[in-house]
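> Just passing along the structure, written as structure tokens.
The values are calculated or read from the model by the stated rules, or taken from the named source; none is laboratory data. None of these values were measured; they are calculated from a predicted model. As a convention, Cβ positions derive from the backbone with ideal geometry for all residues, glycine included, and neighbour counts pool all protein chains shown.
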């Protein structure tokens with residue numbers, strides 16, 4: 001039974017919630033873990049989970065050390081004219097991959113999802129629910145097209161940052177944006 005009210009010690013409570021979240025996301029995947037279940041596992045009221053993290057997406061991102069808040073990323077991509085979505089998305093993606101903390105987190109995620117089905121399932125549920133479906137709904141684009149955009153970006157990351165194939169590995173941001181953004185934009189425009 002979850003306790004009501006505040007637990008003593010803000011740090012201990014936050015860490016208990018994160019430990020419970022990691023456990024539940026690991027056992028049940030992103031879709032199967034709920035705020036209520038995380039709170040019960042941590043022995044706190046669900047309101048405390050919301051107090052510390054705001055949403056399930058933010059609990060997941062923090063528990064798995066994701067490099068950015070997905071809500072902020074989605075908002076950044078959608079903020080502006082529809083005709084610029086491809087460019088904004090590619091620029092954002094390049095910036096995230098080239099920030100050392102983000103890059104390290106991405107490499108860790110790639111290692112995890114390529115070797116463990118459980119990690120792949122968790123990340124798949126999160127990406128579909130917290131990112132791709134929101135973008136698809138906001139742009140009124142089919143889920144297939146949005147996953148095509150994601151595939152384009154993951155392919156870019158693999159070639160540029162993981163395998164480091166030249167000349168793409170050392171191309172400037174502007175060269176990469178000029179090359180990849182129109183392709184990503186085609187997914188949005190439906191051409």
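> Residue check, residue 141 against (1) at pLDDT 85 or above; (2) assigned to a helix (DSSP H, G or I), all met but one. Which one?
(2)
> Could you list all residues from segment 162-188 that are in contact (Cβ under 8 Å) with a residue 60 or more places away in the chain, under 15 Å from residue 96 (Cβ atoms) and surrounded by fewer than 18 Cβ atoms within 10 Å (Cβ to Cβ)?
Residues satisfying the conditions are 173, 176.
> If you go through segment 155-169 one residue at a time, how many are assigned to a helix (DSSP H, G or I), in contact with a helix residue (DSSP H, G or I) (Cβ under 9 Å, 6 or more places away or on another chain) and farther than 12 Å from residue 89 by Cβ?
Final tally of qualifying residues: 8.
> Restricting to helices (runs of 4 or more DSSP H) lying wholly in segment 28-125: which have 1 or more residues that are at pLDDT 90 or above and in contact with a helix residue (DSSP H, G or I) (Cβ under 8 Å, 6 or more places away or on another chain)?
35-42, 46-53, 70-78, 85-98
> Within segment 170-191, which residues are in a loop (DSSP other than H, G, I, E, B) and at pLDDT 95 or above? Walk me through how you get there before you give the answer.
As a first pass, look at segment 170-191 and keep what is in a loop (DSSP other than H, G, I, E, B): 171-172, 190-191.
Hits for segment 170-191 are 171, 172.
> For residue 152, are the conditions met, namely being surrounded by 15 or more Cβ atoms within 10 Å (Cβ to Cβ), out of contact with any helix residue (DSSP H, G or I) (no Cβ under 7 Å at 6 or more places or on another chain) and part of a helix (DSSP H, G or I)?
The answer is no for residue 152.
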